[in-house]
Amino acid sequence: MPRKDPVAASPAASSPASAAQRHDHGRGQATARRARHRLAWVLGLVLAYAGVELVGGFWTGSLALLSDALHMVSDSAALALSLLAGVLAARPAGKRKTFGNSRVEILAALANGVALAGVAVFISLNAVERYFAPRDVAGGGLLAVAVGGLVVNGVALLLLGHVREHSLNVRGAFLHVLSDTLASVGVCLAGAGIWAFGWLWLDPAVSLVVSVLVLRSAWQLIRDALDVLMETVPAHLDPEEIRDALLAVDGVRALHCLHVWTIGSGAVSLSSHLVIDPAPSPGPEALLEHVRTRLSERFGIEHTTIQIELANGPEAHPIGGCQEACEPAGQPA
């Protein structure tokens, strides 16, 4: 007969804390919907003005404007991918995908970062070529089109600003727009300099600055996405601090198999084996609840899989349900 999980049957399952978790989950779903709607609006704005900048780049002969236009085209593709990923990630978990589709967002963020890096390389190569072989640029037209792009990017930033922390994927879209906004400022300055003083060197110089901004955003996004895919401990958490906090709980003698990772954007998970006193007071179920509460309140970790093992006992006491082959109890994970 399968062992009944005493925690699941305990009053804590219907406690105010559980109600608060349901409330937080509902609020998270509302934030996800709002993020998707704003992504759709930003996609429309950026895609429309990318066409304007492409035409303006050929009309004025400006590499900086063409570079910014290509940057906006890559933004449009990234935003479309982000929007699709958000929709897929919102689908419920299934029999074969028990964690749902959270990793789709991470894969989209990784693709966004790679696309950004590709755009940066293209901009840099053309900027170097243009620097040694300057071409005439219509400064007034360049300035006018660049100002319009700056306004569009500013609106896009406002739309994404309040939801950028929702997920790594949305943050990636925000970084795309932010880097393009900074690039638009540079293009405006280049247009003003060429229009007022005839400084043609500003066109390739600004293009190189744009490429640096793009590469910085790309590297940050690629690094964060790979950290999630490699199940690296989140940067804001210290495994040793978590270990010390668990060992400080009365009744816990040792722990092993401590793992901390993220399934998707911001969804931190933890698994561990705890070795406890043979007869802890007030009981293993209460101790386990105490551990979970400490992890939630101190580290913000809600998804935990913890197996309780009785010290000097003949076998594990699997209250938490995690069973895997690990190193001996008390050794580092």
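Roughly how big is region 239-317's charge dipole about its Cα centre, with Cβ charges of +1 (Lys, Arg) and -1 (Asp, Glu), in debye to the nearest 20?
The dipole of region 239-317 has a size of about 120 debye.
Based on the Cβ-Cβ distance of residue 185 and residue 223, what FRET efficiency does E = 1/(1 + (r/R0)^6) give at R0 = 25 Å, to the nearest 0.05?
0.50
Could you give the length gained by full extension between residue 247 and residue 33, i.e. 0.36 nm per residue of separation minus their alpha carbon distance, to one decimal place?
Between residue 247 and residue 33, full extension yields 73.0 nm more.
Apply the Karplus parameterisation 6.51 cos²θ - 1.76 cosθ + 1.60, with θ equal to phi minus 60°, to every residue of region 268-275 and state each ³J(HN,Hα) to the nearest whole Hz, in sequence, with x for glycine and proline.
Calculated HN-Hα couplings, in order: 7, 10, 9, 9, 6, 10, 10, 9 Hz.
So, by mean Cβ neighbours within 10 angstrom, what's the order for 172-180, 302-310, 106-114 with the highest one leading?
Ranked from most to least packed, the peptides come out as 172-180, 106-114, 302-310.
Between residue 235 and residue 196, what's the calculated FRET efficiency when r is the beta-carbon distance and R0 is 51 Å? Round to 0.05.
0.70
Compute the distance in nm between two label points, each set 7 Å from the Cα along the Cα-to-Cβ direction, one at residue 122 and one at residue 91.
Calculated label separation equals 3.0 nm.
Using 0.36 nm per residue, how much length does the chain from residue 136 to residue 279 gain when fully extended, once their Cα-Cα distance is taken away?
Difference between extended and current length: 43.1 nm.
Taking just the alpha carbons, could you work out the radius of gyration and Dmax for region 196-318, both in angstroms?
According to the Cα coordinates of region 196-318, Rg and Dmax are 23.4, 85 Å.
Read the figures in this text as sums done on the coordinates, not as results from a lab. A quick note: this is a predicted structure, and the numbers were derived from the prediction, not measured. Neighbour counts are summed over all protein chains in view; Cβ atoms, including those assigned to glycine, are modelled from backbone coordinates with ideal geometry.
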